[in-house]
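I have placed the structure first, in the form of structure tokens, so that the comments after it can refer back to it.
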Amino acid sequence: MSQFEEVSKQSSLHPKPPGLVLQYGTAGFRTNAKHLDHIMFRMGLLATLRSKKTQATIGVMVTASHNPEEDNGVKLIDPMGEMVTPTWEGYATQLANAEQGDLISALKDVIDVEKINMSQAANVFVGKDTRSSSVSLAQAVLDGVSALGGHSKDYGLVTTPQLHYMVCCQNTQGKYGEATVEGYYHKLSRAFIQLTGNASNCTDDQKLLSVDGANGIGALKVREMERHLKKELHLSLFNDGSEGKLNHQCGADFVKVQQKPPTGVKLNAGERCCSFDGDADRIVYYYTDSDGKFHLLDGDKIATLISTFLKELLTQAHLDLKIAVVQTAYANGSSTHYLENTMKVIVRCTKTGVKHLHHAAQEFDIGVYFEANGHGTVLFSREAEEKIQQLAESSTTDDETKRAARLLQNTVNVINQTVGDAISDMLLIEAILAVKGMTVQQWDAIYSDLPNRQLKVKVSDRRVIDTTDAERRAVTPAGLQDAIDSLVKKHRQARSFVRPSGTEDVVRVYAEAETQESADALAHEVSLAVYRLAGGVGEEPKPSH
Ligand code: NG1
Ligand code: ZN
């Protein structure tokens, strides 16, 4: 039987509902799990083609991250562990939307355009999160790979960043690490223990950290990793999936957007706590003070902590490497101000979506990128890594220089450079706090966030909003940006912007201002402007109390 006959036969077991149209968005395909079986099979096919084309291993992750339990989704991972390129995102959408009878010709179109040698071997790594729908959906991906004669390795339950790590390890022939879950734990924990070895007088209390696992895969994996940490970190794990529902009233997205603690976590005043999202590629920290007030330390605070630490080490090591922080329009204005004016580091702003941040960060020797929601990592250029390594191993440098170079070297090893990784970020943050002897309150006090509010507005077609200047200004519909500008002028220290979401059928509104009342009022006024000028549907947005 020819290759395509096998695909035809297998695809009839994963039929596409006629007329259903889905798009590969900011984070792959994401929707209610019941619409995704054919998508998964087809992404198995596409990953196989991508593998043949790149002559490398490709990853396919089945997850819908912070979305509700009933949703699911799928993302493709390119050879170095990065997100798949925009051209192939386009193929993903074409393949996903080809009606059942047109699938083979859609597949042949990609093969022709990309001039793919179909006799080339293919290898695909597949991983999934803890959603109940992920079991059959991951099987559909595997079926797609085998229908085109590709080899696959099923990693089963892994976090999204773990699968990115596996793909990178495999394609670097083990230089990045060993492509197993144990290899991941070993690499990260070893670097973590070496980093914390530089902390003097760290008490048991300071080693305490509460973790909200969002009832997802991160909880399972943190538990597996614990024994590798050799008591250098005492974790209290909450929302571990044994009772609660995935992402429900918990997890990084809930905490960030609601600006309140998750349910299911015992918070003692002053104690550090962090929340992962449903696939453990995001993390935020927080604590409550003695007055019961909640303090959030989001991706901006994390980027500031990490970049300050790295900048100090570069000075101590006398290394002349260019460091930058990459943010999006959602970064709190105070963080940008502090980074540019006090820390004097280069700050770049890109469009929302980690692939944009990742690319911008690659332009520097050291690029620290974080979305305000807690997705981020640090990228080191190959030259930067080499310089750090040479210095750490040199026999002629003095002790202080060498110590700084070794700390930098361990930082390179603890951070998952392929993608934002809650577990790896957590280990780096904990190590920095330990090495600097810093409390969560001191970290929080580096700068004060401007009060802010995020809202959503439903419109009939969110594509009517087009933006420019890294999404900070709306070009269409006519009059919207003028309306936002005049509303912003009514508030002190204010800023606001709107953009269509890439993962939900809504327009997102962001506002920040001198006081919470002002930020709330501005967010509401801008929501009304969107509703009126961009085709709002349903009830008019109401003011928050
Ligand atoms: P959209 O829905 O495009 O705003 C959200 C996040 C992104 C990114 C993606 C992927 C915000 C405001 N937006 O995108 O930063 O993380 O999801 O998960 O947090
Ligand atoms: Zn996620």
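Given Cα pairs under 8 Å that are at least 6 residues apart, what percent is the relative contact order of region 251-400?
Result for region 251-400 is 20 percent.
Would you please give the residues with an amide H less than 5 Å from that of T476, counting only those at least 5 places away or on a separate chain, with H modeled from the backbone geometry?
The list, which skips near neighbours in sequence, is D466.
Mind checking which of V347, H318, N332 is farthest towards the positive end of region 315-387's charge dipole, using Cβ charges of +1 (Lys, Arg) and -1 (Asp, Glu) about the Cα centre?
N332
Calculate one ³J(HN,Hα) per residue across region 97-113 by plugging θ = phi - 60° into the Karplus curve 6.51 cos²θ - 1.76 cosθ + 1.60, and present them in order as whole Hz with x for glycine and proline.
9, 5, 5, 3, x, 9, 4, 5, 5, 5, 5, 5, 4, 5, 4, 5, 4
Go through 373-381, 401-409 and give me the packing order, highest mean Cβ count within 10 Å leading.
Sorting 373-381, 401-409 by mean packing, highest first, produces 373-381, 401-409.
When the expected Rg is taken as 2.2 N^0.38 Å, what fraction or multiple of it is the alpha-carbon Rg of region 262-369?
Cα-based Rg divided by the globular estimate yields 1.21.
From the phi of every residue in region 251-260, what ³J(HN,Hα) in whole Hz does the Karplus formula 6.51 cos²θ - 1.76 cosθ + 1.60 yield, where θ is phi - 60° and glycine or proline is x?
For region 251-260, the Karplus curve yields x, 4, 5, 4, 5, 5, 6, 7, 6, 8 Hz.
Highest first, please rank the peptides 343-351, 426-434, 89-97 by the mean number of other Cβ atoms sitting within 10 Å of their residues.
Top of the packing list down: 426-434, 89-97, 343-351.
What size of dipole, in debye to the nearest 20, comes out for region 465-545 about its Cα centre when the only charges are +1 on Lys and Arg C-beta atoms and -1 on Asp and Glu C-beta atoms?
Dipole size: approximately 200 debye.
Taking the Cα centre of the chain as origin and charging only Cβ (+1 Lys, Arg; -1 Asp, Glu), how large is the dipole, in debye to the nearest 20?
With only Lys, Arg, Asp and Glu charged at Cβ, the dipole is about 280 debye.
Quick one: the Cα spread of region 145-216 along its three principal axes, in angstroms, biggest first?
Principal axes ranked by extent give 57, 32, 13 Å for the Cα atoms.
For G25, list long-range residues whose amide hydrogen, built 1.01 Å from N in the peptide plane, is under 5 Å from its own amide hydrogen.
R30
What residue among L209, H186, T130 has its Cα farthest toward the positive end of the dipole of region 91-212, where the charges are +1 on Lys, Arg and -1 on Asp, Glu, each on the Cβ?
Of the options given, the answer is H186.
Sequence-distant or interchain residues sharing an amide H contact under 5 Å with T350, placed H: which?
It is Q327, T328, A329, by chain and number.
Quickly work out the K456-to-N117 label distance, labels modelled 7 Å from Cα along the C-beta direction, and quote it in nm with one decimal.
Between N117 and K456, the simple spin-label model gives 4.7 nm.
Assign unit charges at the C-beta atoms only (+1 for Lys and Arg, -1 for Asp and Glu), then state the dipole size of region 163-272 relative to its Cα centre in Debye, rounded to the nearest 20.
In total the dipole reaches around 160 debye.
When a/c reaches 1.5 or more, the comparison of a/b and b/c decides; with that in mind, is region 1-125 rounded, prolate or oblate per its Cα gyration tensor?
Judged from the Cα gyration tensor, region 1-125 comes out oblate (a/c at least 1.5, b/c at or above a/b).
How do the peptides 190-196, 42-48 rank, highest first, by the average count of neighbouring beta carbon atoms within 10 Å per residue?
42-48, 190-196
Let me check against my output: what whole-number percent is the relative contact order of the chain, with C-alpha pairs under 8 Å and at least 6 apart?
12 percent
Pick out, from G197, C250, V506, the residue whose Cα sits farthest towards the positive end of the charge dipole of the chain, with +1 on the Cβ of Lys and Arg and -1 on the Cβ of Asp and Glu.
Projecting each Cα onto the dipole axis, the largest value belongs to V506.
Express in whole angstrom the spacing between the alpha-carbon centres of region 101-119 and region 238-283.
What the calculation gives is 44 Å, centre to centre.
Hey, with R₀ at 60 Å, roughly what FRET efficiency would K436 and L13 work out to, going by the Cβ-Cβ distance, to 0.05?
0.60
From the phi angles alone, apply the Karplus equation (6.51, -1.76, 1.60; θ = phi - 60°) to region 224-232 and give each ³J(HN,Hα) in whole Hz, x where the residue is Gly or Pro.
Values per residue, Gly and Pro as x: 5, 7, 3, 5, 7, 8, 6, 6, 6 Hz.
What do the square roots of 5 times the Cα gyration tensor eigenvalues come to for region 486-545, in whole Å, largest first, as semi-axes of the equivalent ellipsoid?
After scaling each eigenvalue by five and taking roots: 20, 12, 10 Å.
Please report the equivalent ellipsoid semi-axes of the chain, computed as sqrt(5 x eigenvalue) of the Cα gyration tensor, largest first, in whole Å.
36, 31, 22
Each reported figure results from applying straightforward, stated rules to the coordinates on display, with no laboratory input. These numbers come from a predicted model, not from an experiment. A quick note on method: Cβ atoms are made from the backbone with ideal geometry, for glycine too, and the neighbour counts reach across all protein chains shown.
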